[in-house]
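Following: one structure in structure tokens, then a few remarks.
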Amino acid sequence: MLKELVDLLTCRELDPEELASLTAAIENAGDDPDLDWLDDPSPEELIQNAIVFKLVNHLAVGDKVDEVHQQISDFFAEPLTDFPRHANGRGYLPDDYFAWLDPLLAERGKHGGGYRLLLLDDSFSDQLNALLVWRKDTARVLELASELGLAIESSTERSSGYRAIV
């Protein structure tokens, strides 16, 4: 299950050797000295944090949603439009931003049905950890995450709000 999840979280872009290596690194996170600082984590917490650490090149991470927007935009050859602002110049709050962003991502990468933005929780920061996946794979990603006891959710169907500063 973990190998399939990692494959889907990386939009199936890894070659088989990279996928196997990355999956093994996540599975063996308990032996990773970079994660020694975690205080008696559950197996699920260990995997959750290992995914965040090991997929860092695939994540947009920031404590402000406009920072995350810029990183998401940088994933594309043709950048997204600028971070949205209200008429008074105030930036969008996270929930409004995610609702604004979703149709833009649906238009990108047509062969995969467009993208969806997922949010990964971590146990060590208040930052947003955002990841693009193929839209058609979203349900399977969320199913696998649930079966593995991981905190991954769609940015537009979240159970709790983020209080990120804009």
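The values are calculated or read from the model by the stated rules, or taken from the named source; none is laboratory data. The shown structure was predicted, so the numbers you read here are calculated from the model rather than taken from an experiment. Here the Cβ is made from the backbone with ideal geometry for all residues, glycine too, and neighbour counts use every protein chain on show. Just the protein is used for accessible areas: all its heavy atoms, side chains included, with ligands, DNA and RNA removed. Shrake-Rupley method; radii C 1.70, N 1.55, O 1.52, S 1.80 Å.
Ranked by the mean number of other Cβ atoms within 10 Å of their residues, highest first, the peptides 81-87, 125-131 fall in the order 125-131, 81-87. Summary value for the stretch 104-149: 30 percent relative contact order, contacts being C-alpha pairs under 8 angstrom separated by 6+ residues. Of 42, 21, 73, the order by accessible heavy-atom surface (1.4 Å probe, DNA, RNA and ligands excluded), from most exposed downward, is 21, 42, 73. Summed over qualifying helices (DSSP H, 4 residues or more, each -39500 (n - 2.57)) and divided by its residue number, the chain shows a 222 nm mean residue ellipticity of -12000 deg cm²/dmol. With the dipole of the chain worked out from charges on the C-beta (+1 for Lys and Arg, -1 for Asp and Glu) around the Cα centre, which of 24, 47, 117 lies farthest toward the positive end? Positive-end residue among those listed: 117. The relative contact order of the stretch 28-88, computed from alpha carbon pairs under 8 Å that lie at least 6 residues apart in sequence, is 18 percent.
Sorted into 10 angstrom bins from 0, the C-alpha pair distances of the stretch 17-155 split as 11, 38, 34, 14, 2, 0 percent.
Put a plus charge on the Cβ of each Lys and Arg, a minus charge on the Cβ of each Asp and Glu, and nothing anywhere else: the dipole of the chain about its Cα centre is then about 940 debye.
Among the GluC sites (Glu not before Pro) in the stretch 32-128, those located in a DSSP loop and surrounded by at most 15 other Cβ atoms within 10 Å of their own Cβ are 107.
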